[in-house]
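The values are calculated or read from the model by the stated rules, or taken from the named source; none is laboratory data. What you are looking at is a predicted structure, and each value in this text was computed from that prediction instead of being measured. For neighbour counting, all protein chains shown are included, and Cβ atoms are generated from backbone atoms with ideal geometry for every residue, glycine included.
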Amino acid sequence: MAFKGLKKLLDRISSLFKKKGELKIGLYGPVNSGKTTLANKICKDWLGEDMGKASIVPHETREIQTKENVKIERDGKSLTFNLVDTPGIATRIDFEDFVKFGMGKKKAKSRAKEATKGVIESIKWLDNMDMVLVVVDSTRDPLTQVNLTILGNLDARGVPFLIVANKADLKQSQLKRVEEAFQNYRTVGISARTGHRLENLYDAVLETV
């Protein structure tokens, strides 16, 4: 009996170490908030390579993308994790949104279908995340249905997260508005495009995890 109890304890410890070794940090947020741009910057900083293609066309990322063994090192602290870039969350996807960018009707409908599937997959993957970076566009109103839905899902699941107020390099950026909208959560203002204040994000990730 004692042997069985010890075996269970060792199995539990083993599973905990396995989970730690497979730590997943997900990038979530509305369409065109800069998730893939941020993913590319993080991967470039710590792996020397990009993750995926960023575009002004909505829903360029339509499938889950993962980079394994990303290692952040700051002030003697380090963290190794799998970075997960997810398709942008949207409450409504219309093929006409793609037509506006010059796509033919047939291709636009196919893109809309793929984008819808991507949103569903993104929500499903929340259960696999150990931490989430909620990327919002700091030049826009943060109190949108999409942002509130994402935060509500994270709260309900008990997943630790940071709000990343992106595009802080733009004149239209209103970081204070984002901070005031989400007073109960930690917000880090950055520019994924220029790398502005990205070191603050890395420190915040290390502290949160």
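The table for this structure:
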{"item": "Among (1) at pLDDT 95 or above; (2) more than 15 Å from the chain's Cα centre (by Cα); (3) among the charged types (D, E, K, R), the one test that Arg157 misses", "result": "(1)"}
{"item": "Tally of residues being out of contact with any helix residue (DSSP H, G or I) (no Cβ under 9 Å at 6 or more places or on another chain) and of a type in the set (A, V, I, L, M, F, W, C) across segment 161-200", "result": "3"}
{"item": "Condition broken by Leu126, with the remaining ones in (1) under 15 Å from Tyr28 (Cα atoms); (2) at pLDDT below 95; (3) surrounded by fewer than 16 Cβ atoms within 10 Å (Cβ to Cβ) satisfied", "result": "(3)"}
{"item": "All positions within segment 50-65 that are in contact with a strand residue (DSSP E or B) (Cβ under 8 Å, 6 or more places away or on another chain) and either closer than 16 Å to Glu114 by Cα or at pLDDT 90 or above (or both)", "result": "Thr61, Ile64, Gln65"}
{"item": "Which listed residue is in contact (Cβ under 8 Å) with a residue 60 or more places away in the chain, touching a Lys or Arg at 6+ places or on another chain (Cβ under 6 Å) and surrounded by 14 or more Cβ atoms within 10 Å (Cβ to Cβ), from Ile190, Ile150", "result": "Ile190"}
{"item": "Residue that is surrounded by fewer than 18 Cβ atoms within 10 Å (Cβ to Cβ) and either in contact with a Phe, Trp or Tyr (Cβ under 6 Å, 6 or more places away or on another chain) or in contact (Cβ under 8 Å) with a residue 40 or more places away in the chain (or both), where the choices are Glu121, Glu180", "result": "Glu121"}
{"item": "All positions within segment 31-51 that are surrounded by 15 or more Cβ atoms within 10 Å (Cβ to Cβ) and part of a helix (DSSP H, G or I)", "result": "Lys35, Thr36, Thr37, Leu38, Ala39, Asn40, Lys41, Ile42, Cys43, Trp46, Leu47"}
{"item": "The lone exception for Ala112 - which of (1) modelled with pLDDT under 70; (2) farther than 23 Å from Met51 by Cα; (3) not β-branched (Val, Ile, Thr) it fails", "result": "(2)"}
{"item": "Asp137 vs. criteria of a type outside the set (Phe, Trp, Tyr) and either without any contact (Cβ under 8 Å) to a residue 40 or more places away in the chain or exposed (fewer than 15 other Cβ atoms within 10 Å of the Cβ) (or both)", "result": "no"}
{"item": "Arg92 vs. criteria surrounded by fewer than 14 Cβ atoms within 10 Å (Cβ to Cβ) and modelled with pLDDT under 95", "result": "yes"}
{"item": "Check on Arg197, among the charged types (D, E, K, R), on the phi > 0 side of the Ramachandran plot and at pLDDT 95 or above", "result": "yes"}
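Here is a yes/no grid of residues against (1) closer than 13 Å to Leu133 by Cβ; (2) touching an Asp or Glu at 6+ places or on another chain (Cβ under 8 Å); (3) polar (S, T, N, Q):
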site	(1), (2), (3)
Ser173	no, no, yes
Lys176	no, no, no
Glu180	no, no, no
Thr187	yes, yes, yes
Ile190	yes, no, no
Thr194	no, yes, yes
Arg197	no, no, no
Leu201	yes, no, no
Thr208	yes, no, yes
